[in-house]
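Let me begin by presenting the structure, written as structure tokens, before commenting on it.
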Amino acid sequence: MTGNTSYDSTRPVERPRVVLRSRRAARGGVREHGPMRAIRLVTPGDAAALADVLQASREFLAPWEPVRGEEYFTESGQRAMIEVALARHEQGTDLPCVITGEAGQVAGRINLSQIVRGPFESCSLGYWVGAAHGGRGLASRAVADIVAAAFGPLRLHRIQAGTLVHNVRSRRVLERNGFARFGLAPRYLSIAGQWQDHVLYQRLRDTGSAAG
Ligand SMILES: CC(C)(COP(=O)(O)OP(=O)(O)OC[C@H]1O[C@@H](n2cnc3c(N)ncnc32)[C@H](O)[C@@H]1OP(=O)(O)O)[C@@H](O)C(=O)NCCC(=O)NCCS
């Protein structure tokens, strides 16, 4: 492709750096949502808390996640992953965040990844919430926040997310946030050691849904 239509996902992108701090929250480093604190950028200092939540949620998360090595559940493993994620954030391809609970504690992770500019202006969404923090609306609020960041400061056009067909909680989280199903991808990802079908969802900017 040539000219204005050229599409090079590897070229450096000009993009606003998203910090996810309101003026009020700048002191504490969290974004306020009325009584809730929903998401903020992950930091290396979150590694120990994330490792704790992951260890406590290991059995709960296993059916919904890729097979993880032992290192993933350790502070050092989490720190290494966070550093990679923050480097990608600096390059403009990821927005790696923690989901925080009612008291501001680390409850999970939510990320935009594979941010691609040009005529695509799209990204992928992924998230998890620890077993002890589930069923309180944290994931739904976190998705609402990251959607606001994607279509606000990041000026993206589209967010894609895929869930296992039987992941009713995750599908509910996406649907209540205006994501619309657009396809079924057979054997799309290796989850729990098996190549499994995924329902694909998208949300487009300015529509509140995938309808365009
Ligand atoms: C999916 C996940 C992120 C949801 O987190 P959460 O904070 O509990 O989600 P919320 O509380 O915001 O919303 C859950 C929704 O599922 C609904 N739900 C919960 N259990 C359900 C069930 N067994 N059947 C149907 N709906 C269910 C809840 O009622 C809620 O919907 P509502 O607000 O309309 O009532 C969390 O369970 C998780 O991390 N799971 C494992 C990892 C994962 O699946 N990640 C997503 C990969 S695509």
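No lab work stands behind these numbers, since they all come straight from the coordinates. Keep in mind that what you see is a predicted model, and the values were worked out from it rather than measured. Reconstructed Cβ throughout: ideal geometry from the backbone, glycine too, with neighbour counts over all protein chains shown.
What net charge is computed for the residues neighbouring GLU83, neighbours being all others with C-beta under 13 Å from the C-beta of GLU83, Lys and Arg scored +1, Asp and Glu -1?
Result for the local shell: -2.
Local charge sum around THR163 (other residues, Cβ-Cβ under 14 Å, Lys/Arg +1, Asp/Glu -1)?
+3
Using the alpha carbon gyration tensor of region 23-159, what are the three equivalent-ellipsoid semi-axes (square root of 5 times each eigenvalue), largest first, in whole Å?
Gyration-tensor ellipsoid for region 23-159: 23, 19, 15 Å.
I'd like the FRET efficiency for ARG172 and SER76, computed as 1/(1 + (r/R0)^6) with the beta carbon distance as r and R0 of 45 Å, rounded to 0.05.
0.85
I'd like to compare 105-111, 62-68, 82-88, 135-141: which one has the highest average count of other Cβ atoms within 10 Å, and what's the full order after that?
Going from most to least packed, we get 105-111, 135-141, 82-88, 62-68.
Sorted from fewest to most neighbouring beta carbons within 10 Å, what does the list TRP128, TRP195 look like?
Arranged by neighbour count, lowest to highest, TRP128, TRP195 become TRP195, TRP128.
What percent do you get for the relative contact order of region 23-159 when only Cα pairs under 8 Å and 6+ apart count?
Reported as a whole number, the value is 23 percent.
What residues have an amide H closer than 5 Å to that of GLY178, excluding those fewer than 5 places away on the same chain, when H is modeled at 1.01 Å from N in the peptide plane?
Amide H neighbours of GLY178, under 5 Å, 5+ apart: none.
Amide H to amide H under 5 Å from HIS198: which residues, 5+ apart in sequence or cross-chain, H placed 1.01 Å off N in plane?
ALA185, ARG187, TYR188
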